[in-house]
Amino acid sequence: MTPIDIAIAGCGPCGLATALQLARDGHRITIFERFESPQPIGSGLMLQPTGLAVLDRLGLGAAARARGAAIQRLSGRAGANGPLVLDVRYAAMRGDFTGVGIHRAALFALLHDAVVAQGITVETGRSVVATDPMAGGRRRLVFADGGSAGPFDLIVDTLGARTPLADVAGRSLAYGALWASLDWPEGAGFDAAALEQRYRAARQMVGVMPIGMAPGHTVRQAAFFWSLRSDQLDAWRQRGLAAWGDEVTALWPATVALVAQIATAAQLTFAHYVHRTLPRPTESGLIHIGDAWHSTSPQLGQGANMALLDSFALAQALRSCGSVADALAWTVHLRRSHIHLYQQLSYWLTPFYQSDGALVPFARDTLVATLASVPPMPRLLANLVAGLVGAPLGRLGLT
């Protein structure tokens, strides 16, 4: 396709990766960001082999691995020293795979620096609220202050699950999580190559994941998270940090070295989770990708990786198709089956780790934990966590 004018709404990792790929293909790109200074939101995330394959194509994979921490396994126990009920090892797969735990700020800086070096225009302080269709399939962006920009041949929506550019869809999940980025507690007994969790039924979960170094830090960091019902957030604030800290360390005594670093509630960010998939992720001159198209709980750790795959599919489609309409249809074709598969898997697996009641966690701790150790389940589970079920890389021509 000949170069076209493209607006990208949102300056997160998905928007940045999309801008970088499309600009390198010669398209004229402008990113619109609501903050006055682009910035990441959140603590750590897991880059899977799928997302890393896209970053490798961008020439950023090695830097992401260097800034993050290699994750070789995911493990979870029922209680502090109870039975192992989650044990997923990347070594069970064919190939030399690992995940990478990385601070969101580190991934953001990596992509943002590449976008700046590419000379891509980023307009800040521009809160996108709508798009207006225009003649010829083009669209204009509308901002909260009443201003507008465009027209553009294509608008790419990367504004996340609560995007104002799409109809409300899906449902909010009962459970979310408190997150913090803390200094890695040397000598506390945590596995520096694992995402570790402890559970009390499925009502409580505490997790620790190494995420390498954030920009400006000289000490390795950990992502620390605590599962919490959204409707209990106010009660949590009223109870105070001391009572909550006692609850956390009672479930996993080793976390005392992390809880001690949390002096105020402001250090913790509560993440609300939404399970949604837009039935029609495209309109004339508009496509929603990443969480703006599909979002769910983070139990399978696929969010950022799915977004990177979406961005790669869009770039590939624009290269191979003769019109914007055909490219958008081809993008959806390339991604729909993988997205549907993981949305369904996440929907059914999330209650095993975040839900009320006793029957589901009992099944997790007994039947599921036993079956997970019987071949070929270790390999299947590793491929599931790696995002490789459904062969998404082959479909996109990635390795």
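Please compute the Kirkwood hydrodynamic radius over the range 165-277, one decimal place, Å, based on all pairs of different Cα atoms.
Result for the range 165-277 stands at 15.2 Å.
Find the Cα radius of gyration of the range 257-317, compare it with 2.2 N^0.38 Å by division, and give the number to two decimals.
Compared with the compact-globule rule of thumb, the range 257-317 sits at 1.58.
To one decimal place, what orientation-averaged projected area in nm² is obtained for the convex hull of the Cα set of the range 342-399?
Across all orientations, the range 342-399 yields a mean hull projection of 4.7 nm².
Which three semi-axes in whole Å describe the equivalent ellipsoid of the range 110-244, each the square root of 5 times a Cα gyration tensor eigenvalue, listed largest first?
Gyration-tensor ellipsoid for the range 110-244: 39, 23, 14 Å.
Using the alpha carbons of the chain, what is the convex hull volume per residue in cubic angstrom, as a whole number?
In the chain, the Cα convex hull volume per residue is 136 Å³.
Just going by the charge dipole of the range 120-190, with Lys and Arg at +1 and Asp and Glu at -1 on Cβ, which of ILE120, ALA180, SER148 is farthest out on the positive end?
Final value for the positive-end residue is SER148.
Which helices, counted as full DSSP H runs in the chain, have an axial Cα extent of no less than 20 Å and a Kyte-Doolittle average of 1.0 or above?
104-118
Specify the inter-centroid distance of the range 1-27 and the range 216-253, based on alpha-carbon positions, in whole Å.
Here the answer is 38 Å between Cα centres.
For TRP184, list long-range residues whose amide hydrogen, built 1.01 Å from N in the peptide plane, is under 5 Å from its own amide hydrogen.
Excluding prolines and chain starts, which carry no amide H, the hits are ARG220, GLN221, ALA222.
Once you keep just the Cα pairs under 8 angstrom separated by 6 or more residues, what percentage relative contact order results for the chain?
About 22 percent, as a whole number.
Computing the accessible area with a 1.4 Å probe over protein heavy atoms, can you report the carbon and sulfur percentage for the chain?
The value for the chain is 56 percent carbon and sulfur by accessible area.
Tell me the net charge near GLN343. Cut-off is 14 Å between Cβ atoms, GLN343 excluded, with +1 for each Lys or Arg and -1 for each Asp or Glu.
Combined, the nearby Lys, Arg, Asp and Glu give +2.
At 1.4 Å probe size, with every protein chain present, just tell me what the per residue accessible area of the chain comes to in Å².
42
Within the P(r) computed for the range 1-124, what percentage of the Cα pairs occupies the region above 21 Å?
49
The values are calculated or read from the model by the stated rules, or taken from the named source; none is laboratory data. All values derive from a computational prediction rather than experimental measurement. Quick reminder, even Gly has a Cβ in these numbers, built from the backbone with ideal geometry, and neighbours come from all protein chains shown. Note: accessible area is taken over every heavy atom of the protein model, side chains too, but ligands, DNA and RNA are not part of it. Shrake-Rupley method; radii C 1.70, N 1.55, O 1.52, S 1.80 Å.
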